[in-house]
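Quick note: the coordinates plus some simple rules give every number you see, no bench work behind them. Treat the numbers as computed from the prediction; the structure is a model and nothing was measured. For neighbour counting, all protein chains shown are included, and Cβ atoms are generated from backbone atoms with ideal geometry for every residue, glycine included.
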Amino acid sequence: MIWPTENKPRAAIQLNHEGQLRHFLSIEGLKRELLIEILDTAESFIEVGSRSIRKVPLLRGKTVANLFFEASTRTRSTFELAAKRLSADVLNININTSATTKGESLSDMLRNLEAMAVDMFVVRHVQSGSPHFIATAVTPGVSVINAGDGRHEHPTQAMLDMLTIRQHKGGFENLTVAIVGDILHSRVARSEIHALKALGAAEIRVIAPDTLLPVDVESMGVKVFSTLDEGLRDADVVVTLRLQKERMEGALLPSEHEFYRLYGLSAERMRSAKPDAIVMHPGPMNRGVEIDSAVADGAQSVILQQVTNGIAVRMAVMSMAMSGQINALAARGGQ
């Protein structure tokens, strides 16, 4: 087992009878054509952000509830902006002050929110599989979007990264992508690997000390490197990950200083990659731990573009999922 897979999402629950999105829970199992559709739809939404009025009416009259059981800045903010740019009403639930702190179950919370005519739940949870559980519990016609669940997946982050890569590299077939850092605890790494494989990347590398690599990670179709210079050699894309200390159990590293010495992304180390390689980071960044400021703010960095693309990708996923739910309900009505 590479990452915890209890309540593992399956592709089938995400799709309606026509293969359209109903929920977006996981990249694993989704076909290349659907991922390309998400990217193409997101591309069409990018120009909305440059308008004087940054809105389209696709989710007008719909209500989106953000359920974030785990801290977030970029993901929560971009989901909220995406929903509002689609003209949806947005309900941000403060979990720390919600009735769940008084003993209310998650199921009862969902039922009460559904009674308020909520059409979509955006869920971030510390437990792997929680969005999948919610997707199986909601009433027909309600969509669930995974905004990151435990160490399992972060599918919208992967798709905004794929969009950023495509914008700079044109395609995926000839690319070597290196993912550096805390692979073991990273839901982003898992989703990125699934997305890159589906989209046909030539080579996917993971670079980390043994203590931060999942068991049998090679079974995911990646090449493993224990030294940074070797792993970065001739890479087209470099994705660096933070140390997720909140998920670590025990002493997996001697120190942050030692990690930076061996695996920190510096301008000198980037010389091993191709001259036109791009540098990505899903955030939040720990400068001087996994990445040097000269690289994070340098000419090869596309980190802020990732954030901008996050709004367009989340608009795409939300609009596609709601459309898929509408078509699923129409099919049920015709049966």
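Quick check: the angle from helix 187-199's long axis to the longest principal axis of the chain, C-alpha only, nearest 10 degrees?
That works out to roughly 90 degrees.
Amide H neighbours of residue 28 under 5 Å, counting only residues 5+ apart in sequence or on other chains, H built in-plane at 1.01 Å?
none
Please list the non-local residues whose amide H lies under 5 Å from the amide H of residue 66, H modeled 1.01 Å from N, same-chain partners needing a gap of 5 or more.
Hits under the 5 Å cutoff: 91, 92, 93, 122.
If you plug each phi of the range 294-299 into the Karplus form 6.51 cos²θ - 1.76 cosθ + 1.60 with θ = phi - 60°, what whole-Hz ³J(HN,Hα) values come out, in order, with x for Gly and Pro?
Running phi through 6.51 cos²θ - 1.76 cosθ + 1.60 with θ = phi - 60° gives 5, 7, 4, 9, x, 5 Hz.
Which residue fluctuates the most in the chain, going by a Gaussian network model with Cα springs under 10 Å, if the choices are 80, 230, 28?
230
Can you give the FRET efficiency for residue 127 and residue 174, using 1/(1 + (r/R0)^6), R0 = 56 Å, r = Cβ-Cβ distance, to the nearest 0.05?
0.90
With θ set to phi - 60° and the Karplus curve 6.51 cos²θ - 1.76 cosθ + 1.60, what are the ³J(HN,Hα) couplings of the range 125-135 in order, to the nearest whole Hz, using x for Gly and Pro?
My calculation for the range 125-135 gives 8, 6, 8, 4, x, 4, x, 5, 4, 5, 4 Hz in order.
Relative contact order of the range 14-165: what whole-number percent is it, with Cα pairs under 8 angstrom and at least 6 residues apart?
On the way: 205 pairs, mean separation 41.4, N = 152.
Reported relative contact order: 27 percent.
With only Lys, Arg, Asp and Glu charged, each at its Cβ (+1 for the first two, -1 for the last two), find how big the charge dipole of the range 143-208 is about the Cα centre; round to the nearest 20 debye.
Once rounded to the nearest 20, the dipole reads 40 debye.
In whole angstrom, note down how far apart the Cα centers of the range 178-218 and the range 84-156 are.
Taking the Cα centre of each part, the range 178-218 and the range 84-156 sit 27 Å apart.
Mind pulling the angle between the C-alpha long axis of helix 106-115 and the longest principal axis of the chain? Nearest 10 degrees, somewhere in 0 to 90.
50 degrees
When you count, for each residue, the other Cβ atoms within 10 Å and take the mean per peptide, how do 58-68, 174-184, 152-162 rank with the highest first? Write down the numbers at each step before the final one.
Numbers: 58-68: 19.4, 174-184: 23.7, 152-162: 27.9.
Highest to lowest by the protection proxy: 152-162, 174-184, 58-68.
Quick one: net charge of residue 42's neighbours, Cβ under 13 Å, K/R +1, D/E -1?
-2
Show the residues, 5+ positions off or on another chain, whose built amide H is closer than 5 Å to the amide H of residue 301.
Correct list: 279.
In percent, what relative contact order does the chain have, based on Cα pairs under 8 Å that are 6 or more apart in sequence? If you can, show how the numbers build up before the last one.
On the way: 633 pairs, mean separation 76.6, N = 335.
That works out to 23 percent.
Rounding to the nearest 10 and keeping the result within 0 to 90°, find how far the Cα-based axis of helix 74-85 lies from the longest principal axis of the chain.
40 degrees
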